Amino acid sequence: MRLSIRHTTRYRFDNPVVHALQRLRLTPKETQGQEILEWSMAYDHAYEELVYEDQHHNTTVLVGVEPGTREVTITCRGKVDTHDHAGVIGRHAGHLPLWSFLAQTTLTRPGKGVGQMVKELRGFEGERLDMLHELSRRTLDRVEYKIGTTGTDTSAEESYAARSGVCQDHAHIFIGAARALDVPARYVSGYLMMNDRIEQEATHAWAEAFIEGLGWVGFDISNGISPDERYVRVATGRDYRDASPVTGISFGNTSQVTEVDVEVEQQQQVQQ
């Protein structure tokens, strides 16, 4: 499937900028089932300073903000070819060893609630893959998808206790529980083409777990499926903070995202 993507992010600063940087993880990965045909990034009142690959093989761009500005716009455009591999990404790659994805973070660490779900699954009779699908199902059953009840700093346990959250929260709960069950797991940020609309409110998030014999396998907990050809992987990490699309670093200023526009649509492929 050929997908066309347009992603615009606008930031507003409370005072004219003296010095500020934005760390961007907005470039899709070249991985199994995904080829990047074209990708560009444009900046309004900002300029590119450095491009590097982080410890998770995420293409990371540092952009400086023009002094005196109060608003920055970042626009990404591109085309990606995707293929359905039932969520299987395959072998482990990256600068971090596999065991590092067993360590909990402040966003994934289970408390009493998530810990109870882990206890229920410790005696699961069946293959590890089946257990992880059951973990995904129970997470969605117990935590309703509901916008506006959590934020980027909400932990897995806080979302579980509130019984509501969004895709980021579902991913953190799944990751924390999987790690507690001795399964390496990681966070994925990216795009999802919706069947009923082109314009979307935000990027998407899901989880991946490492299974012997298969490698990394994706689980979109919020939609109850494994990622297919409608998904585009952009960044991965131990939690949201490692894979956040945009992170601000400023001196003497505070900023906030004022608007995010995402458009993902299928393109017709011309047969040669």
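The values are calculated or read from the model by the stated rules, or taken from the named source; none is laboratory data. In this text, all values refer to a predicted model and were calculated from it rather than measured experimentally. Cβ: placed from backbone, ideal geometry, glycine included. Neighbour counts: every protein chain shown. Side chains are part of the model used for accessible areas, which takes the heavy atoms of the whole protein and leaves out ligands, DNA and RNA. Shrake-Rupley method; radii C 1.70, N 1.55, O 1.52, S 1.80 Å.
Which of the residues that make up the stretch 27-49 are open to solvent by 80 Å² or more (accessible area, probe 1.4 Å), within 27 Å of H92 (Cβ to Cβ) and at pLDDT 95 or above?
Hit for the stretch 27-49 is L37, nothing else.
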Taking the conditions exactly as written (more than 30 Å from W216 (Cβ to Cβ) and assigned to a strand (DSSP E or B)), does R6 satisfy them or not?
no
Of the residues in the stretch 220-243, how many are in a helix (DSSP H, G or I), open to solvent by 40 Å² or more (accessible area, probe 1.4 Å) and closer than 11 Å to L192 by Cβ?
1
It is to be established whether one or more residues within the stretch 212-234 are free of Cβ contacts under 8 Å to residues at least 40 places away in the same chain, closer than 27 Å to S4 by Cβ and not aliphatic (A, V, I, L, M).
yes
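Can you pull out every residue in the stretch 50-61 that is within 26 Å of H92 (Cα to Cα) and not acidic (D, E)?
If the condition is that a residue be within 26 Å of H92 (Cα to Cα) and not acidic (D, E), then V51, Y52, Q55, H56, H57, N58, T59, T60, V61 are the ones that fit.
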The stretch 5-26, subset at pLDDT 90 or above and of a type in the set (A, V, I, L, M), residue farthest from Y52 (Cα to Cα)
I5
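Please enumerate the residues belonging to the stretch 189-215 that are under 14 Å from R230 (Cβ atoms), aliphatic (A, V, I, L, M) and either within 17 Å of the chain's Cα centre (by Cα) or at pLDDT 95 or above (or both).
L192, M193, M194
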If H95 meets every condition in (1) without any contact (Cβ under 8 Å) to a residue 60 or more places away in the chain; (2) over 19 Å from the mean Cα position of the chain (by Cα); (3) open to solvent by 10 Å² or more (accessible area, probe 1.4 Å) apart from one, which number is that one?
(2)
Filtering the stretch 165-183 down to residues that are small (G, A, S) and open to solvent by 10 Å² or more (accessible area, probe 1.4 Å) yields A180
Check D153 against each of (1) more than 27 Å from E265 (Cβ to Cβ); (2) open to solvent by 50 Å² or more (accessible area, probe 1.4 Å); (3) over 17 Å from the mean Cα position of the chain (by Cα); (4) not polar (S, T, N, Q) and name the one condition it does not meet.
(3)
Specify the residue that is nearest to R179 (Cα to Cα); the eligible residues are those in the stretch 207-217 that are in contact with a Lys or Arg (Cβ under 9 Å, 6 or more places away or on another chain) and crowded, with 22+ Cβ neighbours inside 10 Å.
A209
Residues (hydroxyl-bearing (S, T, Y) and touching a residue at least 40 places away in the same chain (Cβ under 8 Å)) located in the stretch 60-92
T69, T73, T75, T82
Being surrounded by fewer than 24 Cβ atoms within 10 Å (Cβ to Cβ), in a loop (DSSP other than H, G, I, E, B) and charged (D, E, K, R) is the requirement here; does D141 meet it?
no
Say whether the condition of being under 18 Å from the mean Cα position of the chain (by Cα) and surrounded by 11 or more Cβ atoms within 10 Å (Cβ to Cβ) is met by at least one residue in the stretch 110-124.
no
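If a residue must be at pLDDT 75 or above, open to solvent by less than 60 Å² (accessible area, probe 1.4 Å) and not small (G, A, S), how many such residues does the stretch 244-262 contain?
To start, the set of residues in the stretch 244-262 that are at pLDDT 75 or above comprises 244-248, 259-262.
Next, from what is left, pick out any that are open to solvent by less than 60 Å² (accessible area, probe 1.4 Å): 244-248, 260-262.
Still in the running and not small (G, A, S): 245-247, 260-262.
Residues flagged as at pLDDT 75 or above, open to solvent by less than 60 Å² (accessible area, probe 1.4 Å) and not small (G, A, S) within the stretch 244-262 amount to 6.
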Looking only at the stretch 114-127, decide whether some residue is of a type in the set (V, I, T), at pLDDT 95 or above and assigned to a loop (DSSP other than H, G, I, E, B).
no
Which one of these does I147 not meet: (1) under 18 Å from P110 (Cα atoms); (2) open to solvent by 60 Å² or more (accessible area, probe 1.4 Å)?
(1)
